[in-house]
Amino acid sequence: MTSIIQPDGFVPQAQGIDAAVPIWFKIDWSPEIEQGIYKDWGTYYCRRRRENLGMHYFDKALKLIPADFTTLYRRSQSKRKNSLAESALLDCLEAKRLLKNLQRNDAPINLEVCDALYDMNRFESAKAELHDNARLFTGNKSKMFEQRLEVVDGNIEDACGPSMTHFISENEKLIIHLTELLNKHKEDDRPLWKILKEQEKCDVQSIPEIEEEMLSPLEIARRSRAFNVCNQMFIDRSWLDVVFLKHVRKNPNLLLDQCKKSTEYLQPLTLKKYDEIKNFLKMLEARSPMYNIRYQKFTNKKLMEKFRQEYLYRVQYQTSRNMKAALRSIRYLRKTKNLSKLTSYVEEVMGDYVVKKTNRIMPWKFEFLNEVYNTLALAYVDQYTVPKNFRFAEKNALLRLLRFPMEKSLEAKPFVFGDRTTHQDTASVDPAVSKSRQIVNRFERRMVFAKYSIEKAYILHQIASTHLQSHRFDECCFSARKSIEEAHNCNSFIWQFLSYLLIIKANAALHKVERTSEALAKAASIAIKLKEKDINHFVNACISCNEEEFIVKKQSVFSNSRRDSEKSVRSTLSMRQSDY
């Protein structure tokens with residue numbers, strides 16, 4: 001057989017599994033050459049803004065030769081571009097240490113250390129490092145550090161200059177309050193059981209329950225406004241992109257559960273980019289704080305105070321106009337007797353707009369609250385009238401008089417195995433139940449931050465009304481009694497009367513005649529204090545209906561007992577006859 005002579009450097013064609021391995025992997029590269037390839041690839045990908053690949057190849061290069069200060073320097077630069085200043089500082093410090101072991105000094109690496117300290121907002125450390133390097137090098141190399149030193153000195157002047165003095169003098173009390181809070185919540189390195197023992201808390205659980213921070217609507221609006229103002233000052237028109245990126249992180253339209261591959265990629269990408277923007281904004285704010293920008297805009301204190309007063313007056317005037325328009329709409333809706341629209345409009349105005357106004361912007365806030373809630377209460381009372389030719393002896397006459405809907409849903413539903421609508425947890429099935437839960441949660445959240453008793457009486461009345469519509473009668477009575485207490489604190493007879501009506505409806509729906517009569521007696525005493533003929537007439541009609549129902553119920557009980565006694569007498573007679 002003749003042998004085939006192969007040329008030099010021939011690599012045989014791979015077969016099977018080996019076919020997936022690139023040919024260049026089979027070449028026996030030296031570690032120095034392979035490390036240089038990885039380093040160049042890392043630099044290439046980082047310049048193309050593909051940081052993940054760049055960092056991957058930098059890491060592979062450092063695995064081959066860990067003591068390569070050039071790779072550490074390039075990786076530090078790439079990390080600083082991605083706002084990873086702390087990790088970049090560690091890389092450039094390691095590169096500087098390696099050079100020091102070789103008894104060498106490199107100006108770009110030392111400058112990278114100063115830049116990393118500067119990006120971490122450690123201006124004092126960066127200034128000291130720049131001074132040391134300016135004395136260490138000469139010529140053009142020294143000028144690089146001197147130029148950076150001018151920038152750092154300017155930032156320190158902006159942060160600690162006269163603008164800071166002016167800011168502290170204006171907000172001295174707030175700064176002291178925040179300092180006390182920070183000192184109070186300092187990290188404690190002691191074991192958890194010691195901390196809990198001092199606080200006289202149970203130390204059985206190793207992980208205590210984390211309390212959710214409840215923020216008022218005003219505080220939420222303040223934080224949102226401060227976030228937008230900060231972005232507007234430092235990145236100008238791009239602040240809308242930051243807000244968009246903030247909300248897109250949890251947007252279900254982007255992170256679809258069905259798209260598994262894209263979600264796994266997009267979710268960490270959005271989180272990473274938003275964290276980068278936040279870090280860069282913190283750098284900008286540290287170099288020139290907001291109080292410094294404001295101080296530079298208004299160097300004249302009198303002019304700045306004049307501008308603030310004018311702005312305050314404009315906001316007060318616009319708020320006054322909005323409130324007068326809201327009052328006109330509320331009175332018109334009451335006049336047209338559109339109760340459902342009036343209720344939703346009042347909740348929208350008071351729950352979403354007025355709660356975000358301070359007493360400085362809205363000095364007449366208490367008067368406006370009284371006017372709105374009293375108008376709404378009067379609109380509720382207007383619907384309770386006795387219709388003409390009303391029959392008091394009819395079945396469920398009291399419920400019809402109280403305008404309570406008589407539906408089959410009031411009847412107890414039997415449990416049917418396999419039928420989801422009869423399960424106890426029907427919130428996931430019945431959208432009406434889920435909606436009522438959401439409404440109750442909204443009012444309960446408002447209740448936490450309500451200041452005035454009339455507002456609390458309104459909120460508790462609405463909670464009780466929602467429970468009544470969902471046929472949760474015990475919860476309705478409980479909330480209505482609490483509403484009566486708050487209405488009593490502010491001497492509001494009309495809200496006491498409305499809350500008593502809810503208790504009357506709940507008891508009447510369950511046909512509890514005695515409890516209904518007690519609630520009617522209390523409502524009648526409140527109606528006398530209101531000094532309104534129509535209300536007194538309506539309460540008297542309700543009492544008459546309840547008395548009729550009581551008589552009918554008593555007669556039915558008497559007839560049933562009499563029928564039972566007759567049956568028992570007949571049974572005894574038949575037994576005696578059988579004995580004979």
Practice problem: Would you mind listing the helices (runs of 4 or more DSSP H) fully within the range 49-140 where at least 2 residues are under 28 Å from residue 32 (Cα atoms) and not assigned by TED's automatic domain parsing to the domain that holds residue 287? | Solution: 51-64, 69-81, 85-101, 107-119
Quiz prompt | Boolean, residue 358 is outside the structural domain of residue 530 (by TED's automatic domain parsing), in contact (Cβ under 8 Å) with a residue 40 or more places away in the chain, among the polar types (S, T, N, Q) and outside any helix (DSSP H, G or I) | solution = yes
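Name the one entry in 504, 494 that is of a type in the set (A, V, I, L, M, F, W, C), within 16 Å of residue 402 (Cβ to Cβ) and modelled with pLDDT of 90 or more.
On the way: 494 fails: within 16 Å of residue 402 (Cβ to Cβ).
Selected residue: 504, the only one of 504, 494 that is of a type in the set (A, V, I, L, M, F, W, C), within 16 Å of residue 402 (Cβ to Cβ) and modelled with pLDDT of 90 or more.
Name the residues in the range 241-252 that are under 20 Å from the mean Cα position of the chain (by Cα) and either in a loop (DSSP other than H, G, I, E, B) or not basic (Lys, Arg) (or both), would you?
Selection gives 242, 243, 244, 245, 247, 248, 249, 250, 251, 252.
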Exercise. Could you check residue 495 against (1) surrounded by fewer than 23 Cβ atoms within 10 Å (Cβ to Cβ); (2) within 24 Å of residue 369 (Cβ to Cβ) and say which number it fails?
Key: (1)
Quiz prompt | Selected residue (only one of 290, 304 is closer than 20 Å to residue 170 by Cβ, without any contact (Cβ under 8 Å) to a residue 12 or more places away in the chain and of a type outside the set (D, E, K, R)) | solution = 304
Quiz item: What are the residues in the range 246-305 that are among the β-branched types (Val, Ile, Thr) and within 30 Å of residue 122 (Cβ to Cβ), if any?
Solution: 270, 277, 293, 299
Practice problem: Return the pairs, sorted by first residue and then second, in which the second residue is at pLDDT below 85 and surrounded by 12 or more Cβ atoms within 10 Å (Cβ to Cβ), the first residue lies in the range 236-257 and is more than 16 Å from residue 269 (Cα to Cα), the beta carbons are less than 8 Å apart, and the residues are 6+ apart or on different chains. | Solution: 257/263
Exercise. Determine whether the range 270-287 contains at least one residue that is surrounded by 11 or more Cβ atoms within 10 Å (Cβ to Cβ), assigned to a loop (DSSP other than H, G, I, E, B), outside the structural domain of residue 126 (by TED's automatic domain parsing) and in contact (Cβ under 8 Å) with a residue 12 or more places away in the chain.
Key: no
Quiz item: Can you name the residue in the range 118-143 that is farther than 20 Å from residue 103 by Cβ and hydrophobic (A, V, I, L, M, F, W, C) and is also surrounded by the fewest Cβ atoms within 10 Å (Cβ to Cβ) among such residues?
Solution: 128
Exercise. Return the total of residues in the range 361-387 being without any contact (Cβ under 8 Å) to a residue 60 or more places away in the chain, out of contact with any Lys or Arg (no Cβ under 8 Å at 6 or more places or on another chain) and surrounded by 19 or more Cβ atoms within 10 Å (Cβ to Cβ).
Key: 3
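From 464, 450, 480, grab the single residue that is buried (at least 17 other Cβ atoms within 10 Å of the Cβ), at pLDDT below 95 and touching a Lys or Arg at 6+ places or on another chain (Cβ under 6 Å). Even if it seems obvious, please write down each step before you answer.
Working: 464 fails: touching a Lys or Arg at 6+ places or on another chain (Cβ under 6 Å); 480 fails: touching a Lys or Arg at 6+ places or on another chain (Cβ under 6 Å).
Within the list 464, 450, 480, the selection yields 450.
The values are calculated or read from the model by the stated rules, or taken from the named source; none is laboratory data. The model shown is predicted, which means the values in this text are computed figures rather than measured ones. Note: ideal-geometry Cβ built from the backbone for every residue, glycine included; neighbour counts use all protein chains shown.
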